[in-house]
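Each remark here refers to the structure printed beneath this line.
The values are calculated or read from the model by the stated rules, or taken from the named source; none is laboratory data. Note that this is a predicted model, so its numbers are computed, not measured. Cβ atoms come from the backbone with ideal geometry, glycine included; neighbour counts cover every protein chain shown.
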Amino acid sequence: MATMLCGAAIMDGAVLVISANEPCPQPQTKEHLMALNITGIDKIVIVQNKIDLMSREQVMEHYQQIKDFVKGTVAENAPIVPISAQQNINIDMVIEAIEKTIPTPSRDMTKPPLLKIARSFDVNRPGASPDALKGGVIGGSLSQGRLHSGDKIEICPGRLLDYEGRKQWIPIQTKVVTLLAGNQVQDEITPGGLVGVGTLLDPIMTKSDALVGQVLGEPGELPPALSSFTMNMQLLERVVGVTDESNVEPIHSSEPLMLNVGTATTVGVVTSARDGGVVQVQLKRPVCAESGDRVAVSRRIGARWRLIGVGTIIE
């Protein structure tokens, strides 16, 4: 199998993990590499895992399969690091390759804080007494600005309310109680790495990843919640991840698509598909996004959603 690891909110680079005990490429490996190709992500480290399960000769043969597979792609010159994650072999070499290949980008600390929520939890144990209850916890990566303990924050699109027969999304207001980064409590966090944000939210609002896909930041400074948007589409040449790699057909009106924007996943119905790859979609669930944001687009093929291209929001 192959796994592609990247920042959920901002994709600065990618780690492509390929199992040495399977022929390369596997369908999922093709899908991930094609996604990197189409998005232009060229800061890539390839990790050849599970070398402890193979002989030296088999590992070298598999290494050459990887080299042949990535030739002519954005990963052609990517370092390939053979490792055994289970046996803790060459993990330090992976870290070194990441440091050299994917440099830490500069972030604008003067902008309002923006965190795209990747996880949310209820950290209370069953049977906890009322005075021991803790507020809901949010996890993600800060992409800009600074966040401090005690800050007032807003979460958008928020929660869906049904008032007098009319459904609408209302932003959630709360306060930062604790900040956790690197297993340490912090007074302030800045972009880079995963962080935990303790809040005053009722834990039922954050349990079981209920807030995944939403955006956290300073009240009034978050991207707009969009129920529809228009995007420029760039389609893959072929459907990957399936046995029969057929050509990707053009997007057509009334077609349902699965859309990934930041950490948010929603289904959009195509309301307009014009020449030149301009596609307009109406969303089942709103997302917070703005012009220039990337959208991963998948189509239902058989029993699964398959990546068919990437879009860029234009309005």
Report yes if some residue within segment 68-85 is under 23 Å from the mean Cα position of the chain (by Cα) and loosely packed, with under 14 Cβ neighbours inside 10 Å; otherwise report no.
no
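This table checks each residue for (1) under 19 Å from the mean Cα position of the chain (by Cα); (2) among the polar types (S, T, N, Q).
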site	(1), (2)
GLY135	no, no
ASP151	no, no
GLU154	no, no
GLU164	no, no
ASP202	no, no
VAL215	yes, no
THR230	no, yes
Listed residues VAL279, VAL269; which is surrounded by 16 or more Cβ atoms within 10 Å (Cβ to Cβ), assigned to a strand (DSSP E or B) and of a type outside the set (D, E, K, R)?
VAL279
Quick count over segment 122-172, residues being crowded, with 19+ Cβ neighbours inside 10 Å and closer than 26 Å to ASN183 by Cβ, is 14
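SER227: under 16 Å from CYS156 (Cα atoms), of a type in the set (Ser, Thr, Tyr) and either assigned by TED's automatic domain parsing to the domain that holds HIS148 or out of contact with any Asp or Glu (no Cβ under 6 Å at 6 or more places or on another chain) (or both), yes or no?
When the stated conditions are applied, SER227 passes them.
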So how many residues does segment 163-221 have that are closer than 26 Å to GLY13 by Cβ, of a type outside the set (A, V, I, L, M, F, W, C) and in a strand (DSSP E or B)?
5
Verdict on GLU315 being in contact with a Pro (Cβ under 9 Å, 6 or more places away or on another chain) and either in a loop (DSSP other than H, G, I, E, B) or surrounded by 15 or more Cβ atoms within 10 Å (Cβ to Cβ) (or both):
no
